[in-house]
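This report refers to the structure that appears directly beneath it.
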Amino acid sequence: MSPAADAHRPPRFLKAVYVYEVPVRLWHWINALSITVLAVTGYFIASPPPGVPGEASANYLMGYIRFAHFAAGYVFAIGFIARLYWAFAGNHHARQLFRFPFWNLGWWRELWTEARWYLFLERKPRLYVGHNPLAQFAMFWCIAVGSVFMIVTGFALYSEGTGRGTWQDTLFGWVIPLFGQSQDVHTWHHLGMWMIILFVMVHVYAAVREDIMSRQSIISTMVSGVRTFKDAEAPADADPEPPPPRITLEDARVPAAERERAG
Amino acid sequence: MSVLQTPNGFTLDNGGRRIVVDPVTRIEGHMRCEVNVDSDNIIRNAVSTGTMWRGLEVILKGRDPRDAWAFVERICGVCTGCHALTSVRAVEDALGIRIPKNAHLIREIMAKVLQWHDHVVHFYHLHALDWVNPINALKADPQATSALQQAVSPRHAKSSPGYFRDVQLRLKKFVESGQLGIFKNGYWDNPAYKLSPEADLMAVTHYLEALDFQKEIVKVHTILGGKNPHPNYMVGGVPCAINMDGDQAAGAPLNMERLNFIRARLLEAYEFSQNVYIPDVLAIASFYKDWLHGGGLAATNVMDYGDYEKVPYDHSTCQLPGGVILNGNWDEVHPIDPRDPAQVQEFVTHSWYTYGDAKADADKGLHPWDGVTEARFELGPNAKGTRTRIDEVDEAAKYSWIKAPRWRGHAVEVGPLARYILAHAQGVGYVQDQVADALGRFNSLAGTSLTARQALPTTIGRTLARALEAHYCAHMMLEDYDALIANIKAGDRATANVEKWDPATWPKEAKGVGTVAAPRGGLGHWIRIRDGRIENYQCVVPTTWNGSPRDSRGNIGAFEASLLNTPMERPDEPVEILRTLHSFDPCLACSTHVMAPDGAELARVTVR
Amino acid sequence: MARLETFYEVMRRQGITRRSFLKYCSLTAAALGLGPELVPDIVHAMETKPRTPVLWLHGLECTCCSESFIRSAHPLVKDVVLSMISLDYDDTLMASAGHQAEAILEEVMEEYKGNYILAVEGNPPLNEDGMFCIVGGRPFVEQLRMVARDAKAVISWGSCASFGCVQAARPNPTRATPVHEVITDKPIIKVPGCPPIAEVMTGVITYMLTFDRIPELDRQGRPKMFYSQRIHDKCYRRPHFDAGQFVEAFDDEAARKGHCLYKVGCKGPTTYNACSTIRWNEGTSFPIQAGHGCIGCSEDGFWDKGSWYARLTDIHAFGIEANADRIGATAALGVGGAIAAHAAISALKRARHKGDV
């Protein structure tokens, strides 16, 4: 049974659900911070600020900018690995970021409905405990895949500085000839930054707007971890069966694809 | 089998035995030459074929005009830098950019260093083996060689018998090893070689001396342009900023130490061309005093755009003035204007390109600003072999990757000899003195009494003019150096004009032309710019003029003309052909670049 | 076939004393960055190894590699040609031409089967049946394939042979193709650069002759000894980069002080070569010292990466040329506009449907 069909089940009161566990929330904000640092310093690495006066030995502006970029890069990469670990250790919402239910027709249908809602063609948005399909789509491509791309290209470029034979070179150096040459990797890494910036713009806007206009909490959820709902209708991704007693903590139905795999 | 009279006065007879030389070696790029010799082994028909095409102007389309210099510089790594200089001149002309005086002088020094270097390397390393027999040098008496050296050039320090003995010993051991390397399969027992063993030994010694020194003079380019081959240029001036006594001058591109370095090299070059190069050419030439072949077009039609302005942007102050001489009339020099659509035109009748249809191919000539290029590789009906295994080309059809440029329909010769004839005819004192002095020395060595008009339009004259021009350049660049110092002393340290650096300051459309006295002759680049990008770029280069195939009316180019009526000692050993072709210093990578106003046209090039 | 002579024998016969010979060996060791303990190895190698024939072919090129080669200061090119290798075929320098020249190829290929080095300058064009470059009436690519057949190793001189270089720049009208895409069954040493540094060229040859092996190559097939670092990594202007001191326009005060050329487009940070260490023409200078940024001439496809004077690459996939920042900023503007419009409509709708839901 597709989740879309579930959406029209009789309303059931659902007040608050614990969605984002502590590691997920922590990662989100650390990631947000590191992306900010990476984007700003990255931009300045490509287009440095006006020159500084004085002796070269008395200044280290580009050095600091690059240091900040590399440090933030490490935070970003380690955070990503930790987040990946939590996808296995945490609740099923923690896995959503890394999943792309390509073969799930219902999911695509819901994605379409969600897109129509954003185009003002649907009167009412669906309720979701986790990410709605459109958000999941963007998250998967921009954050899961996008981060891997930025980490791999970023460390490839970093390996040019650490030198041949270092672990960075061993693990990521192959990327450079794959793209052609160093300058190509720079270009793609730079384009990757812009893609993430675009994602952040849409992400922030959608979160604020959803907070105001949709029927569930968004921003506060990423702070407290608890999603609250403004009406009694069942979320589209809620469990179809009568909720077990621990509904308020761990509620949502395992998505169809996952259940099939488990069973 | 036919005898043909060309409009420009040559008789071609392709009835005799056909001889093919492919590859022609010791040139830049790829070239093929076919001749017919009569029963007396005299060349009666000559066909020169450019055998490469790279399509650089097609590649340039749509690019930033400020980047063009680097692309066209890669047309040729031998005359390295002269295409870059021509390119920045063309772009500056189109955009109305005037460069600072220091930049002008620095570019002049670089251009003349290139000229000097190119001429020296050409003579010793690309040309000398046509006159000099290194194997014969083994028979020389070092004592007599020393005497010869002191006779032809008393001021050259390296002239002791021991010095020549060492070189001879090294050469001897090299030859005895049996691995002859670059001398392998040479024509060393051909009677076309006329030098005495002592002269051969002296020349071989200088081959090695020149090889050692040529790497020194290019260091001037390394300082001013960062590297050589292929130093860097820049639209609007030169990138090497000047800092004589300010903060951090030691890290600046040009400071006192760097300028001193340059001056030291320039002085060495001056001495080398004066004490080694010119005396060598005269000494070698004296052994070939009876071999006055190879004049060809030089005796009638020569052309150059003029270069080395004493006053920047005043073309009337060119120290090697331009113009055109026709029909051997040295008393009348026609002015040349590269902008005039009726003057410089290119034909493709016998070139592997098409102007669209057979009629246009047959008679249309296009000015470079309006040129069209579409490659069409096809062999004529009388060609022998196959498409990818050519035994003989058919010169009645298309037969070269080189176009045929003409000045008002005339085939002309370009190069140092053309410039020297033009300078001589226009009364340039330095040149007239040089020619008189050189001829005096030649005549006394050879026991002849040749005049300039007799001696210059020959293969030897072409080689001599190149040597004289190298030395004139050494003289001029020392003057440029002094002028540069004087200008800096006067407080001017500007090296670049960046007012119009930003494409936003450019007009929507612009066109310009740049010309340079390149080592092999007059070089011109024509550019059209639209919306900050190259719309159209064309180079008409010296070897395109000299190596051109026949044109629509059947006029032959300078290479072909120069080979006619030359006797060959042994037709199977192309010593004489190489000697005369090399006297032009052919540069095939240069000559075979043509433009396409529309890159898409080239998609029609056959891909199999 | 007579026994081949060794370097040492040749040098001795040419009047070079043993003392000079040993000195030469230690200089060679120093030039190759080897410690003094390896000098005996070099001495031994030079004393026992025969001169290797080198066949140097030219395809579509500009001869800048040959020109660079003859500028080598240590070793001097005359010593290379007379005493180290046997340069039996090189269009640019050889005495013979035509049939006599072509005959050399077959002779050497037979006599030294599997023991000669093929050096390639330039590359073969494949369009028009290869006839954009004709040698001996035939396509150059045929000559290349033929000579490669029995070669011990192939040296790809310069960016043409290594990567394609200028004639392979967009739209590559002749389909100029790097050597390794045509010759796939031989070890190929790429020595890129337009041209490569003279002493790098002779250094590679000297290494191969001395140690009788191919230098260690990196992922792109370049000798690690000369191509493992970016120009930027050892640039004498690097302190100015780290300090954030840049030339903003040519001939400004920073240019006169020798500050970093990054902002006027220097490609040193993305270019692997030895220009800032070995430098050019006997260590005289290199492009950055002469005030012009590096144009990246030893990198694959450097012609198609945008202006010499811009750091950001031109991206052609977007129809008009643009760089990452222009594309990104345009997209951001578009997305920002869409967000604003969307927000406005949302607000309007919300106002209209207040109390709904």
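The values are calculated or read from the model by the stated rules, or taken from the named source; none is laboratory data. Note that the structure is a prediction, hence the values are computed from the model and not measured. Every residue, glycine as well, gets a Cβ built from its backbone with ideal geometry; the counts of neighbours run over all protein chains shown.
Figures for the structure shown
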read-out	value
Which numbered condition B:ARG258 fails, given (1) more than 27 Å from B:THR86 (Cα to Cα); (2) more than 22 Å from the chain's Cα centre (by Cα)	(1)
Entirely in region A:128-214, the helices (runs of 4 or more DSSP H) that have 3 or more residues that are of a type in the set (A, V, I, L, M)	A:133-138, A:146-162, A:175-179, A:182-213
Within region C:218-231, tally of residues that are more than 7 Å from chain A (Cβ to nearest Cβ), without any contact (Cβ under 8 Å) to a residue 60 or more places away in the chain, within 17 Å of C:PHE286 (Cα to Cα) and not aromatic (Phe, Trp, Tyr)	1
Helices (runs of 4 or more DSSP H) lying entirely in region C:148-231 (those with 3 or more residues that are surrounded by 17 or more Cβ atoms within 10 Å (Cβ to Cβ) and of a type in the set (Val, Ile, Thr))	C:198-211
Odd one out for A:HIS203 among (1) modelled with pLDDT under 95; (2) more than 14 Å from every other protein chain (Cβ to nearest Cβ)	(2)
Of all residues in region C:294-316 being within 8 Å of chain B (Cβ to nearest Cβ) and either touching a residue at least 60 places away in the same chain (Cβ under 8 Å) or in contact with a Ser or Thr (Cβ under 9 Å, 6 or more places away or on another chain) (or both), the one that is nearest to B:GLY77 (Cα to Cα)	C:CYS297
Residues that are over 29 Å from C:MET94 (Cα atoms), within 7 Å of chain C (Cβ to nearest Cβ) and outside any loop (DSSP other than H, G, I, E, B), drawn from region B:13-64	B:VAL58, B:ILE59
Enumeration of residues in region C:276-293 that are facing chain B (nearest Cβ under 9 Å), in contact with a Cys (Cβ under 7 Å, 6 or more places away or on another chain) and on the phi < 0 side of the Ramachandran plot	C:PHE286, C:PRO287, C:ILE288, C:ALA290, C:GLY293
Count of region A:132-150 residues which are crowded, with 19+ Cβ neighbours inside 10 Å and among the β-branched types (Val, Ile, Thr)	1
Of residues in region A:47-105 being within 14 Å of chain C (Cβ to nearest Cβ) and among the polar types (S, T, N, Q), the one surrounded by the most Cβ atoms within 10 Å (Cβ to Cβ)	A:ASN59
Every residue from region A:118-138 that is farther than 17 Å from A:ASP237 by Cα and of a type in the set (A, V, I, L, M, F, W, C)	A:LEU119, A:PHE120, A:LEU121, A:ALA138
Residue tally, condition under 22 Å from the mean Cα position of the chain (by Cα) and surrounded by 14 or more Cβ atoms within 10 Å (Cβ to Cβ), over region B:335-366	8
Subset of region B:132-183 [among the basic types (Lys, Arg) and within 14 Å of chain C (Cβ to nearest Cβ)]	B:ARG165, B:ARG170, B:LYS172, B:LYS173
Among (1) among the charged types (D, E, K, R); (2) within 30 Å of C:LYS305 (Cβ to Cβ); (3) in a loop (DSSP other than H, G, I, E, B), the one test that A:LYS124 misses	(2)
Some residue of region C:61-72 being part of a helix (DSSP H, G or I), farther than 25 Å from B:VAL132 by Cα, at pLDDT below 90 and within 9 Å of chain B (Cβ to nearest Cβ)	no
Condition broken by C:ARG326, with the remaining ones in (1) modelled with pLDDT of 95 or more; (2) more than 9 Å from every other protein chain (Cβ to nearest Cβ) satisfied	(1)
Pick from region B:90-117, criterion crowded, with 24+ Cβ neighbours inside 10 Å and among the basic types (Lys, Arg), ranking: nearest to the other protein chains (Cβ to nearest Cβ)	B:ARG107
Residues of region C:183-229 satisfying the condition of being among the aromatic types (Phe, Trp, Tyr) and out of contact with any helix residue (DSSP H, G or I) (no Cβ under 6 Å at 6 or more places or on another chain)	C:TYR207, C:PHE211, C:TYR227
Of residues in region B:58-83 being within 15 Å of C:ASP304 (Cα to Cα), within 20 Å of the chain's Cα centre (by Cα) and touching a residue at least 24 places away in the same chain (Cβ under 8 Å), the one surrounded by the most Cβ atoms within 10 Å (Cβ to Cβ)	B:ARG74
Criterion violated by B:HIS582 - all others in (1) touching a strand residue (DSSP E or B) at 6+ places or on another chain (Cβ under 7 Å); (2) surrounded by 24 or more Cβ atoms within 10 Å (Cβ to Cβ); (3) modelled with pLDDT of 95 or more satisfied	(1)
Among the candidates B:VAL431, B:VAL414, B:VAL393, residue that is over 25 Å from B:VAL3 (Cα atoms), touching a Gly at 6+ places or on another chain (Cβ under 8 Å) and among the β-branched types (Val, Ile, Thr)	B:VAL414
Pairs with Cβ under 9 Å, 6+ apart, first in region B:165-182 and under 19 Å from B:GLU198 (Cα atoms) and in contact (Cβ under 8 Å) with a residue 12 or more places away in the chain, second buried (at least 16 other Cβ atoms within 10 Å of the Cβ) and of a type in the set (Lys, Arg)	B:LYS172/C:ARG13
Scope region A:15-33; condition among the aromatic types (Phe, Trp, Tyr) and not in a helix (DSSP H, G or I); matching residues	A:TYR18, A:TYR20
Some residue of region B:336-358 being in contact with a helix residue (DSSP H, G or I) (Cβ under 6 Å, 6 or more places away or on another chain), aromatic (Phe, Trp, Tyr) and within 30 Å of B:GLY380 (Cα to Cα)	yes
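One line per residue, one yes/no per condition, for (1) more than 14 Å from chain C (Cβ to nearest Cβ); (2) free of Cβ contacts under 8 Å to residues at least 40 places away in the same chain:
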residue: B:GLY440; (1), (2): yes, yes
residue: B:SER444; (1), (2): yes, yes
residue: B:HIS471; (1), (2): yes, no
residue: B:ASN497; (1), (2): no, no
residue: B:LYS508; (1), (2): yes, yes
residue: B:PRO519; (1), (2): no, no
residue: B:ASP531; (1), (2): no, yes
residue: B:ILE534; (1), (2): no, no
